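A short write-up of the structure that comes next.
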Amino acid sequence: MSGVILFLVGVVTLAGIYAILAMILNLEAGWAGMWDLGLAGLVAVGGYVFIITTQTTHEDVIFAPGWPMWAGAIAGSLAAGIAALIIGIPSLRVRGEYFLITTLAFAEVIRQLSINLGTITRGTVGFNQFSRPFEGLVSGSGYRWLLLALVWAIVLLVYLLMRRLGHSPYGRLLRGFRDNDPVARSLGKHTNRHRLQTFVLAGLMYGAVAPLYVWFIRTVTPSLFTSEVTFVTWTALVIGGIASLRGPVIGAAILLIVTEAAALAQGLGEMAVVLASVRFIVLGLVLILVMRFRPEGLANERDAFANASRRVEA
Amino acid sequence: MSASILEVRGVTKLFGGVAAVDGVDMAIEPGSITAVIGPNGAGKTSLFNVVTGFEEPTSGTVEFQGEEVTGLQPWQIAQKGLVRSFQTPTGFPALSVWENLMVGGSDARGESLWAALVSGWRGAEAATNERARRLLEDLDLWEVRDTLLADLSPGDVKLVDFARQLMVDPVMLLLDEPASGVDPGSIQRLSGLIRRVRDQGVTVLVIDHNIGFVLGIADRIHVMSLGKVISSGTPDQVVKDPTVIEIYLGRSA
C-alpha cells in the first residue's frame, strides 16, 4: 500500500514539474506566439550545467569544479538563457514553421552534444551519483514528500509570477502582437525586442527548473531530454488551454496523472507490455476528447483575461 | 503655404521589375486632409508601405517633419508620430476593445518586462485609462469595452482601429481605406471624426475608393494610376481634370 502512495507522490511531483514547464511554454508560445519545439534542449542545458558544475570528483570527467548547489542552479539558468539568446537572434527573424524547425533542431544538437562530449558529460552513461538539497533533513522515503512540497511551492510561485506578467501591459502587448504583428509595429512597438526578451526569459526559467527534474529522476543522461519532454509539455498546455492562466497547471496535472496511472496498473500484473502501450492510447484519447468538446482547452484565454478594464478601475 | 510635414521625393518601388510606385513626388501640408485616390493596383498602398517603413523604396526619399525617415523600421517611424492603419479591419482580436486602445496608448517603459517584473505599472495605466475612457465614450463604444475585438462587427472594428491610432497621439495619420466595409450611414460619422481630428491639429492622409467620401473630406487630392501621380489639386480641380475623368472617373462622370 505504501508503495502505491509513494508512486502517486512521484506522479504528482512529476505533474508539478510539467506544470512549471507548461507555464513557461505558455508565456513564450501561448502569449508571445513563439512556438518553441526546443524546450527540452533548454532544460538539458540547465540540467547539464547544473550537474557538471556541482560535481566534485574528477573520475572520468575533466571539469568538476564542485560549486555549491545554488551556484550550479544559477549557472544552469544563465547558460540556458544565453542559449536562448544565441538561438533567438537568428531564429526570431523567421516566423511560424521556420521557428519550429530551428528550435527542434537546436534541441537535437544539444542532445547530440551531451552524448558526444563524453569528457565533460560522461556521454550516454551520464551522472547518477549526486547529492540533492536537504537530504540530511529527512531520510529514505521522506525525501519524496519533501521534493513534492518543494516542486509544488515552485508551481505556486511561477503561477503567481505568470499571473502578474499576464495582466501587465507587457503581457497584454504580447497577446496583441501574437495575432497581428504589423499593427503592433504601426503603433510604435519594437515587437522583435519583446520577442527576444521573452524567449530569453523563458530560457532562464527552463534552465532554473532543470535541477528539480534532475533531483526527481536522480540521473542525468541524454535520454532524459528527448523531444518527448517537449511534446508532453505541449500536450499538457493544449489540454489545459493555451494562453489561459490556470490551463498549464490543470493540463499537466490531468495528463500526467491519467497517463502514469496506466503505468501503475502495469506494475501490478503480467500484462506489462500491453499496458505500456496503453499509456499512449490514453494520452491520445484525452487529447482527442478535449479537442472535440473544448477546443480552446479546459481553461481558456477569454475567461482568464475577461473584464480587463475593471482591473484598472478597482 | 507653410513647409510640408511629409515630403515624398522621387519614390519608386519595384516588385521584380514592375513599378508599383513610379517616381512619386508628394508634399503634404500640416493640418490638412489629403486624399490619394486611384484604381486598384495604382500603387496607393505600396506608397503607404514605403512611407511607413513596411517596404523599403527602390529609390527616392521620405522626409517627415524635416527629418529623413527612409529606411527606418516601422516602429521607429510610428514613434515619431506617423501612424498608419491597414486596409482590412485589423487590430488585436484576442484583446478586448479597451485593451486594444490601451496597447495603443501605452509607452515602451510601461510595457517593458522590467515594469512587469519589478517596478509596476499602475500609475501609467491610470493615466492611459482616462484617455481610453474619454475616447470610448466619445465613440459610443464604452458599453462594449470588455468585448473581444474578435466578437465585434466589422464597422465597429474600424472605429476601434481609428481610436487605437488616436491613442498613440499621432502627429499625422495615414488611413488606408477607412470607409471600406463601413455602412453608408456611418460614413457621415467617420467623415466628422476625421475632420475633428484634423481640427485638433493632426494631419491626415487617406486612401479610399469611395469618391463621395473622399470628395467630402479632402482639402487636396492626388490621383494615382499605374504607380504615378497623374493629377493633384483641390477636389474641384481634380474632378474637372480631363486625364482623371478619362482614366478614373470616366465610368461615373
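Points worth noting:
- Considering only residues in the stretch A:175-190 that are in contact with a helix residue (DSSP H, G or I) (Cβ under 7 Å, 6 or more places away or on another chain) and within 7 Å of chain B (Cβ to nearest Cβ), the one that is nearest to A:Ser244 (Cα to Cα) turns out to be A:Arg175.
- Residue within the stretch B:33-40 that is within 11 Å of chain A (Cβ to nearest Cβ), buried (at least 23 other Cβ atoms within 10 Å of the Cβ), at positive phi and among the small types (Gly, Ala, Ser) present: no
- Meets criteria (more than 14 Å from chain B (Cβ to nearest Cβ) and either buried (at least 20 other Cβ atoms within 10 Å of the Cβ) or part of a helix (DSSP H, G or I) (or both)) for A:Leu165: no
- Beta carbons closer than 9 Å, at least 6 apart along the sequence or on distinct chains, pair a first residue in the stretch B:49-74 that is in contact (Cβ under 8 Å) with a residue 40 or more places away in the chain with a second that is among the acidic types (Asp, Glu) and surrounded by 15 or more Cβ atoms within 10 Å (Cβ to Cβ) for B:Thr61/B:Glu7; B:Val62/B:Glu7; B:Glu63/B:Glu7; B:Phe64/B:Glu7; B:Gly66/B:Glu7.
- Per-region count, the stretch B:165-207, residues touching a residue at least 40 places away in the same chain (Cβ under 8 Å), among the polar types (S, T, N, Q) and surrounded by fewer than 18 Cβ atoms within 10 Å (Cβ to Cβ): 1
- Looking only at the stretch B:84-113, residues that are more than 8 Å from chain A (Cβ to nearest Cβ) and either under 11 Å from A:Pro169 (Cα atoms) or among the β-branched types (Val, Ile, Thr) (or both) come to 5 in all.
- Condition broken by B:Ala78, with the remaining ones in (1) part of a loop (DSSP other than H, G, I, E, B); (2) closer than 30 Å to B:Leu14 by Cβ; (3) at pLDDT 90 or above; (4) at the interface with another protein chain (Cβ under 9 Å from one of its Cβ atoms) satisfied: (1)
- Looking across the stretch B:1-50, the residues that are under 21 Å from B:Ser85 (Cα atoms), part of a loop (DSSP other than H, G, I, E, B) and over 15 Å from the mean Cα position of the chain (by Cα) come down to B:Glu29, B:Gly38, B:Pro39, B:Asn40, B:Gly41, B:Ala42, B:Gly43.
- Selection count, the stretch A:292-314, where residues are assigned to a helix (DSSP H, G or I), closer than 21 Å to A:Ala253 by Cβ, in contact (Cβ under 8 Å) with a residue 40 or more places away in the chain and more than 7 Å from every other protein chain (Cβ to nearest Cβ): 2
- Being surrounded by 12 or more Cβ atoms within 10 Å (Cβ to Cβ), without any contact (Cβ under 8 Å) to a residue 60 or more places away in the chain and within 17 Å of A:Glu28 (Cβ to Cβ) is a property that A:Ser77 lacks.
- Tally of residues being farther than 12 Å from A:Val183 by Cα and either at the interface with chain A (Cβ under 7 Å from one of its Cβ atoms) or under 13 Å from the mean Cα position of the chain (by Cα) (or both) across the stretch B:51-75: 1
- Any hit, the stretch A:2-25, residues being farther than 22 Å from A:Gly251 by Cβ and not aliphatic (A, V, I, L, M): yes
- Subset of the stretch B:220-253 (residues that are at pLDDT 85 or above and exposed (fewer than 15 other Cβ atoms within 10 Å of the Cβ)): B:Thr234, B:Asp236, B:Gln237, B:Lys240, B:Pro242
- Filter result for A:Val158 (free of Cβ contacts under 8 Å to residues at least 12 places away in the same chain and crowded, with 19+ Cβ neighbours inside 10 Å): no
- Among the residues listed as B:Ser85, B:Ser106, the single one being of a type in the set (Ser, Thr, Tyr), farther than 30 Å from B:Leu215 by Cα and touching a helix residue (DSSP H, G or I) at 6+ places or on another chain (Cβ under 6 Å): B:Ser106
- Failed condition for B:Met26, given (1) within 14 Å of another protein chain (Cβ to nearest Cβ); (2) surrounded by 18 or more Cβ atoms within 10 Å (Cβ to Cβ): (1)
The values are calculated or read from the model by the stated rules, or taken from the named source; none is laboratory data. No experiment lies behind these values; they were computed from the predicted model shown. Glycine gets a Cβ as well: all are built from the backbone with ideal geometry, and neighbour counts include every protein chain shown.
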